[in-house]
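First, the structure itself, so that you have it in front of you.
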Amino acid sequence: MSAHRLKNGGILINRSKPVNFTFDGKSYQGFEGDTLASALLANGVTLMGRSFKYHRPRGCLSAGSEEPNAIVEMRSGARREPNTRATIAELYEGLEAKSQNRFPSLAFDVQSVNQLLSPFLTAGFYYKTFMWPASFWEPIYEKIIRRSAGLGRAAVEPDPDTYEHSHDHCDVLVVGGGPAGLAAALSAAKSGGRVILAEEQMAFGGMVSPTDMIDGKPADAWVVETLTKLEGMKNVTIMPRTTVFGYYDHNVMAALERVSDHVKEPEDGMPRQRLWTLRAKEVVLACGSHERAMTFDNNDKPGVMLNNAVRTFVEKFGVSPGKKIVIVTTNDDAYRTAEILLDAGVKIAVIADARAELSDAASRIKARGVEIDLGTIPRQANGGKRVKSLTLQTLDGNVTRTFGCDCVAMAGGYSPDVHLASQTGVAPVWDDALKGFVPPAPIRAERSAGASKGSFDLAACLEEGHAAGLEAAGAAGFEAKAGTAPSAEAIANGPIAAIWRCAGNGKAFVDFQNDVTAKDITLAEQEGFVSVEHAKRYTTLGMATDQGKTSNVTGIGILAEARGEPIPDVGTTRFRPPYSPVAIGAFAGHERGYEFQPVRRTAMHACGEKLGAVFVEAGQWLRPQYYPKPNEGVMEAIYRESKQVRETAGICDVSSLGKIEIFGDDAGEFLNRLYINGWKLLKPGKARYGLMLREDGFVFDDGTTSRLADDHFFMTTTTANAARVLSHMEHASQVLWPDLDVQFCSATEQWCGVAVAGPNARKILEKAFGKALDMSEEALPFMGVQTFEWNGTTARIFRISFSGELAYEVNVPWTYGEEMWNALWDAGQDHGLIPYGTEALSVLRIEKGHVAGNELDGRTTAADMGLGRMMSSKKPFIGQKLAGREGMIADDREQLVGLKLIEGAERLRGGAHLFEDADDANRENDLGWITSVCDSPQLGCWIGLGYLKGGVEAYAGKTLYAVNPLFGEAPAVEVVSPHFFDPKGERLNG
Amino acid sequence: MHRINCPWCGLRDEAEFQYQGDATVVRPEPDASEEEFFRYAYIRDNPKGWHTEWWHHTGGCRQWVKVVRNTLTHEIHATGGPHDDLPLPEGDK
C-alpha cells in the first residue's frame, strides 16, 4: 500500500478487502470502508478539484458532509452526477470519479489565469461588469459566465435509476447517530415509544475516537454494542446513510436515504435514493458540529485542512494526510489531534496556538516533545499544487518563522450544527464562551443535545443525549424509565480564542466553494451591504452547495469586525431547507414520465383508438383530437371532419365534461343563486344553457343544465372547470346557504356521453335505439330531455347542440359506453356518420360563435361575451353586484367579435393582437386579441373569435391588422358578428 | 406539512386539503351595497398570528373545514364545521 496509509488504525476500513477505482481516468486502490477522499489521500492524491471562480487547485478541506472543495463528478453516461462530495462518497469496486471545473486537466487548468485577473473578480464583479449593453446579456455574457462558473455536468440522458417516496411516523425522531444521538435513541426506546434514529453517514459514532472510553470500554466498541441493542428492539428503526434535511411545520421532517449510492448500480428492484417524510411527535436534534477553517493567506492550498479532518482520516481510515504536519489552533481540540498523530507516528512540525497561555491539554503535548508557539497564528501557506510550508505570525501581524510541511491542520473552533433547529423559524443565539451560535429556545416539539447544542465534551454529550431521549419520550406520552446515562470521563477544555481574519495581503478564503475571500466581505461592507443577508447575496458567501457549513460563522465574524459591532448584532442569515443538496430526481420520485400524473381515459377510449384517433391531453383526460385517414394531414382531417358533420352526421366523445347530479326541494333556488339566469320556471324534461360568475363578477363557467324532475337537476360544466365548479357549489351549500335543501355529487365518471350532430342525427338515433324512445319533434324538441331504458340500463338523451346542427347528447352509465358507441356507430353506417374530435368540435363552435375555454379566460364579463341580457334582474346571484361596477360595464371593454382573414398571411393565429395600423403596434394602440381560430369550410376562409374594444358595434365591417410578432405576421382581418354561420339557428331542426 | 383534524374524518395530512382563504369574511346580504361586496370579494387582513381559515377537505369528505391556525408557527388551535364558532386562543388578538 502507499506510503500515506498508516500501518495500523482505521476503524472503518477493512484491510483485507481492496477496492479498485479510477479518478480522472487513472486507476487506484483503496479499502472497503474508505471514502473516495480517504482513498485518494492514501494514494498521495491531494489535488481533487479546482475552485469555482479562480480555478485554484483544491484538496479536501473536511472529512464529512460539510466539504466545500472536493466535489467531483461520479459515474458515467446516464448515471453521471455532478457535485458529489468525495468525503462522503463511499468507495465501491469500479467507482469512476472525475474532477470538475477544469480544462483541459486538473493539474493544468487554463482558466486558472483568472487568478491573475482576480483584482477585478471581487464581490459584485458580475453585477458591476456585465451591465451594459443589455442586448449582450443572453447571447454573450450569460454564455461566458456559465462556461467559466460551472459546477460539473449533469447527465444528458434520462436517469435510468428509480427514486422512491416513503412515509413513516414515530414518537421520537433522533437526528444524528453520534454519542448524543445514540444515548438519546437508547433512553427514548427504553421508554417504549417508536423511535427512528437517522444518521447521515454509513457509520455511527460521530466524532468519538477509539481512544475514548464509554462505560469502561473503548468508544467504538460501545457504539457497536449500542447499535446492536437498538437493532434488537422492535420499536426502533435505524436509518443509516439518511440525511434529515428539512424541518417543516407540525414536526414533519424530510430525509434523504442514499439507498444505492454506495454501490455501482442499484441492485435489482432497489431505488437509487428514497425521500422520506417523517412525522415525529418529538424530535431530538443531535446533529453535531462543524469545525471552522482559519482565514489566512493561501489557506486553500491542497494539504491545508480542518483539524478534525486530519484526525478522522488517521483514526477512521488509517490514512495520514501528511508526513509532516503543522497545526494551527484557537482551542484545545487541536491537542486531541496532536495526540493521535503522535500515537500514529506522524511528525508534527509545530503547533501554533493563538492563545497566550498554555492550556492543560497543550502542556501534555508539549511534554511529549512537540514545539508549541503561543500567541501565534498562521500568516500564509506556501507552495504550488500542494502546501510546502507555513509561515507564522504574531497576533499583531509580525511574521515569525516558516515551517516546512505537507499538511496544515486548522482548528478554528466548532460551530454547533444549528441548521435544523433554526429551520423551525427562530434564529440561533450567539454564545461568546463557545464562540459559536447555539440553538434557540425551541418553539416546536424538539430539543438539541450534544455538540449541536454546544457541548463538545463526550461525557456531556452522553448525558445530554440520555436526558433528551427521556424528555422526548415523556413528552410523547411514554413513561420514562430513568436509568443512567452512559458515562465517560469529563474533560475540561481550555478557552477558545476568536480569530476571524489572520493579518495578510493575499487571498484568504472564507467560503471555499464560492471563492469568497475575507476581502470580499470587507468590500461588501464598505459598499454598503452591511446587513448579513445583503452581504451574503452580494458576495455569495454561504450560497454554494455546502451552504457555508464551514464558513458562515467566520464570515459573520469578519463582517462584525468590519462593522465594528459585536457578532450578535450582525446575526445569521435565515436557515432554510435543504440542509444539504438533494437531487431533483429524489423530489420527483415516481412522478415522472408515464407516472407523472394519472391518465384519465373515457369509457369509449378504445372505440376512438380503433378508428385511428390521435389523442390530446385535456387536463388529465385523453380526448380524441382528430381521426386522420391514411396519408391525410392534420389540417385536412380537421377540415374534412368539420365539413362532413354539417353534411351528414358526426359522433364525438364528450364524456370528459363535468357532470353533477343535484337533488333537493331547493335545487331550483340553489341554481338560481349560482347561475346568472333563472331556473325555477324550467320544466322537468327541459334543458337550459347556464352561465356562472365568480363573486367578483367575472365569468366563471358555463354549461347546459337539465331538470329531470321537480327536485332533480343534472348540471354539466366545462372539462377544465369540473372540479372548481364542484368546490364552488360545496362552498355555497355548506358555508353560504346551509338552510337550502340541496344535495349534489359529481357524476363525471358515472355517466359517459357522446354527441351525435348533423342533419342525419335523428335517423341514426332512431335506428340505434328503436322503440326505446320517441324522437319526434313533440316528444324531444330542441332543449328537450328524456330518460329511457336501453339495453337493460338507464340512458339519458339531451337535444342540445354545440355545433349548431340538429344534435343530441346521449349519456349512459360509464360501463355501457363502448356498447352505446358501437350501437350508434353501426346505426350510422348508412347515414354517413363519421367520428370527429375536439378540433372539429372547435371549428363547428367557432363558426357558430359559441364561447369555450379560450374565451373564458377569467377577465371577461357576461356582456363581453354578448350574453349580458342573460343576467336576470329578478333574483340575486353570485357575482351580480360586482358585475355592475363601473369598469365592468364600460362601453369600451373588449367584447366578443368575429374576425375573417382578408389577406396578408396564409392563416390566422390565436394570440395575435388587433391594431388599426400594423406599423404602429404598441400597447397604447392595442385594440384586443384573437382567442380562437379555424379554417372554416362553411365560410371558405380562416375565421376567428376574439375580444375587441367596443365590440362589433365599434368596428363592424372595418379592417384591422392581427399582429403576431412571433411569426412576423400582420394579416388584414375584417370585423364581423361572431355568429358566422346560420345566425338564425335554422339548422338546429335538421 | 400541516396535519389537520377534520371534524368528520380525523387527523389528516395537508395534502388532502385545499386552502381556501379567510374564514372570517361573511358574505353580505344580496341587497347590501356594492362597497360591501367589494370588501367581501377583495379585502383581506394578513394577520401575523392566529387566523381563522377555510381548508376544503377535497381529498376526503369534501367538507369545508374551519381551522384556527397560527400563521407564524403553523400551530393549529381548533378545527370545526362551517358554522361552528371557534374562539381564538386567549391572550392573542
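The values are calculated or read from the model by the stated rules, or taken from the named source; none is laboratory data. In this text the structure is predicted, and so the values were computed from the model without any measurement. No Cβ is skipped: glycine too gets one built from the backbone with ideal geometry, and neighbour counts run over all protein chains shown.
Restricting the range A:248-274 to residues that are touching a strand residue (DSSP E or B) at 6+ places or on another chain (Cβ under 6 Å) and within 14 Å of chain B (Cβ to nearest Cβ), which is nearest to A:Gly33 (Cα to Cα)?
A:Ala255
Could we say that A:Ala637 is surrounded by 17 or more Cβ atoms within 10 Å (Cβ to Cβ), of a type in the set (Gly, Ala, Ser) and in a helix (DSSP H, G or I) here? Spell out the reasoning first.
Details: surrounded by 17 or more Cβ atoms within 10 Å (Cβ to Cβ): yes; of a type in the set (Gly, Ala, Ser): yes; in a helix (DSSP H, G or I): yes.
Judged against the criteria, A:Ala637 is a match.
I need the full set of residues from the range A:328-348 which are part of a loop (DSSP other than H, G, I, E, B) and either under 19 Å from A:Lys7 (Cβ atoms) or within 42 Å of the chain's Cα centre (by Cα) (or both), in order please. First the steps, then the outcome.
Narrowing the range A:328-348 to residues part of a loop (DSSP other than H, G, I, E, B): A:330-332, A:344-346.
Those that are part of a loop (DSSP other than H, G, I, E, B) and either under 19 Å from A:Lys7 (Cβ atoms) or within 42 Å of the chain's Cα centre (by Cα) (or both): A:Thr330, A:Asn331, A:Ala344, A:Gly345, A:Val346.
Let me ask you something else. Counting only residues that are out of contact with any strand residue (DSSP E or B) (no Cβ under 6 Å at 6 or more places or on another chain) and either buried (at least 18 other Cβ atoms within 10 Å of the Cβ) or at the interface with chain B (Cβ under 10 Å from one of its Cβ atoms) (or both), how many does the range A:732-744 have?
Our first condition is that a residue be out of contact with any strand residue (DSSP E or B) (no Cβ under 6 Å at 6 or more places or on another chain); within the range A:732-744, this holds for A:732-733, A:736-742.
Checking the rest, the ones that are also either buried (at least 18 other Cβ atoms within 10 Å of the Cβ) or at the interface with chain B (Cβ under 10 Å from one of its Cβ atoms) (or both) come to A:732-733, A:736-738, A:742.
Qualifying residue count, the range A:732-744: 6.
Looking only at residues in the range A:294-306 that are within 30 Å of A:Leu95 (Cα to Cα) and of a type in the set (A, V, I, L, M), which one is nearest to the other protein chains (Cβ to nearest Cβ)?
A:Leu306
Then there is this: Can you name every residue in the range A:791-801 that is at pLDDT 95 or above and either part of a loop (DSSP other than H, G, I, E, B) or β-branched (Val, Ile, Thr) (or both)? Spell out how you get there, then give the answer.
Residues of the range A:791-801 that are at pLDDT 95 or above, as a first pass: A:793-801.
A:Thr793, A:Thr794, A:Ile797, A:Arg799, A:Ile800, A:Ser801, listed by residue number.
With the requirement that a residue be β-branched (Val, Ile, Thr) and either within 15 Å of A:Asp417 (Cα to Cα) or without any contact (Cβ under 8 Å) to a residue 12 or more places away in the chain (or both), what does the range A:430-467 give you?
Residues of the range A:430-467 β-branched (Val, Ile, Thr): A:438, A:443.
Across the range A:430-467, the qualifying residue is only A:Val438.
Kindly list the number of the only condition in (1) surrounded by fewer than 17 Cβ atoms within 10 Å (Cβ to Cβ); (2) farther than 26 Å from B:Leu72 by Cα; (3) touching a residue at least 12 places away in the same chain (Cβ under 8 Å) that fails for A:Asn398.
All conditions pass for A:Asn398, except number (3).
A:Asp431 is checked against (1) over 17 Å from A:Ala492 (Cα atoms); (2) within 32 Å of the chain's Cα centre (by Cα) and fails just one. What number does that condition carry?
Just one mismatch for A:Asp431, condition (2).
A further question follows. Tell me which residues, restricted to the range B:15-36, are of a type outside the set (Gly, Ala, Ser) and in contact with a Phe, Trp or Tyr (Cβ under 8 Å, 6 or more places away or on another chain).
As a first pass, look at the range B:15-36 and keep what is of a type outside the set (Gly, Ala, Ser): B:16-20, B:22, B:24-31, B:34-36.
Selection gives B:Phe17, B:Gln18, B:Tyr19, B:Gln20, B:Asp22, B:Val25, B:Val26, B:Arg27, B:Pro28.
Among the residues of the range B:27-56, which ones are closer than 18 Å to A:Leu736 by Cα and under 12 Å from the mean Cα position of the chain (by Cα)?
The answer is B:Thr52, B:Glu53, B:Trp54, B:Trp55, B:His56.
Enumerate the pairs (first residue in the range A:863-887 and more than 24 Å from A:Trp737 (Cα to Cα); second residue anywhere and surrounded by fewer than 15 Cβ atoms within 10 Å (Cβ to Cβ)) with beta-carbon separation below 8 Å, excluding pairs fewer than 6 apart on the same chain, so at least 6 apart or on different chains.
Pairs that qualify, where the first residue is more than 24 Å from A:Trp737 (Cα to Cα) and the partner is surrounded by fewer than 15 Cβ atoms within 10 Å (Cβ to Cβ), are A:Ala863/A:Ile889; A:Arg885/B:Glu34.
Within the range A:748-779, track down each residue that is more than 45 Å from the chain's Cα centre (by Cα) and within 25 Å of A:Ile662 (Cα to Cα).
Matches in the range A:748-779: A:Leu773, A:Ala779.
For the range A:876-951, which fully contained strands (runs of 3 or more DSSP E) count at least 1 residues that are within 14 Å of another protein chain (Cβ to nearest Cβ)? Spell out how you get there, then give the answer.
Numbers: elements: A:894-903, A:913-915, A:928-936, A:941-949.
Hits in the range A:876-951: none.
Look at the range A:10-34 and say how many of its residues are within 15 Å of A:Asn83 (Cα to Cα) and touching an Asp or Glu at 6+ places or on another chain (Cβ under 8 Å).
Qualifying residue count, the range A:10-34: 0.
Out of the residues in the range A:609-626 that are surrounded by fewer than 18 Cβ atoms within 10 Å (Cβ to Cβ) and touching a residue at least 60 places away in the same chain (Cβ under 8 Å), which is nearest to A:Tyr816 (Cα to Cα)?
Restricting to residues being surrounded by fewer than 18 Cβ atoms within 10 Å (Cβ to Cβ) and touching a residue at least 60 places away in the same chain (Cβ under 8 Å), the top hit is A:Leu611.
So which of A:Asn83, A:Asn69 ends up being within 31 Å of the chain's Cα centre (by Cα) and either part of a strand (DSSP E or B) or of a type in the set (Lys, Arg) (or both)? Working first, answer last.
On the way: A:Asn69 fails: either part of a strand (DSSP E or B) or of a type in the set (Lys, Arg) (or both).
Sole residue among the options that is within 31 Å of the chain's Cα centre (by Cα) and either part of a strand (DSSP E or B) or of a type in the set (Lys, Arg) (or both): A:Asn83.
Which residues, taken from the range A:555-608, are more than 31 Å from the chain's Cα centre (by Cα), buried (at least 21 other Cβ atoms within 10 Å of the Cβ) and over 24 Å from A:Cys502 (Cα atoms)?
Answer for the range A:555-608, where residues must be more than 31 Å from the chain's Cα centre (by Cα), buried (at least 21 other Cβ atoms within 10 Å of the Cβ) and over 24 Å from A:Cys502 (Cα atoms): A:Thr602, A:Ala603, A:Met604, A:His605, A:Cys607, A:Gly608.
Please indicate, with yes or no, whether at least one residue in the range B:48-63 is in contact with a His (Cβ under 7 Å, 6 or more places away or on another chain) and over 26 Å from A:Arg673 (Cβ atoms). Full working, then the answer.
Just the residues of the range B:48-63 that are in contact with a His (Cβ under 7 Å, 6 or more places away or on another chain), to begin with: B:50, B:63.
Right, trim to over 26 Å from A:Arg673 (Cβ atoms) and you get B:50.
Looking for residues that are in contact with a His (Cβ under 7 Å, 6 or more places away or on another chain) and over 26 Å from A:Arg673 (Cβ atoms), one finds at least one in the range B:48-63, hence yes.
Let me ask you something else. Could you please let me know if A:Ala280 is buried (at least 21 other Cβ atoms within 10 Å of the Cβ), in contact (Cβ under 8 Å) with a residue 40 or more places away in the chain and within 12 Å of chain B (Cβ to nearest Cβ)? Can you show your working first?
Working: buried (at least 21 other Cβ atoms within 10 Å of the Cβ): yes; in contact (Cβ under 8 Å) with a residue 40 or more places away in the chain: yes; within 12 Å of chain B (Cβ to nearest Cβ): yes.
Yes.
Now, a different point. Being part of a strand (DSSP E or B), surrounded by 15 or more Cβ atoms within 10 Å (Cβ to Cβ) and out of contact with any Gly (no Cβ under 7 Å at 6 or more places or on another chain) is the filter here, so list the residues in the range A:153-169 that pass it.
Of the residues in the range A:153-169, the ones part of a strand (DSSP E or B) are A:163-169.
Next cut, surrounded by 15 or more Cβ atoms within 10 Å (Cβ to Cβ) only: A:163-165, A:168.
A:Asp168, the sole residue that qualifies.
Is there a residue in the range A:701-715 that is over 15 Å from A:Phe744 (Cβ atoms), assigned to a strand (DSSP E or B) and within 14 Å of another protein chain (Cβ to nearest Cβ)?
no
Let me ask something additional. Out of the residues in the range A:411-460 that are outside any strand (DSSP E or B) and basic (Lys, Arg), state the one that is farthest from the other protein chains (Cβ to nearest Cβ).
The residue in question is A:Lys435.
Can you find even one residue in the range A:974-983 that is farther than 25 Å from A:Leu856 by Cα, among the acidic types (Asp, Glu) and either in a loop (DSSP other than H, G, I, E, B) or at pLDDT below 95 (or both)? Can you show your working first?
Initially, the range A:974-983 is screened for residues farther than 25 Å from A:Leu856 by Cα, giving none.
Looking for residues that are farther than 25 Å from A:Leu856 by Cα, among the acidic types (Asp, Glu) and either in a loop (DSSP other than H, G, I, E, B) or at pLDDT below 95 (or both), one finds none in the range A:974-983, hence no.
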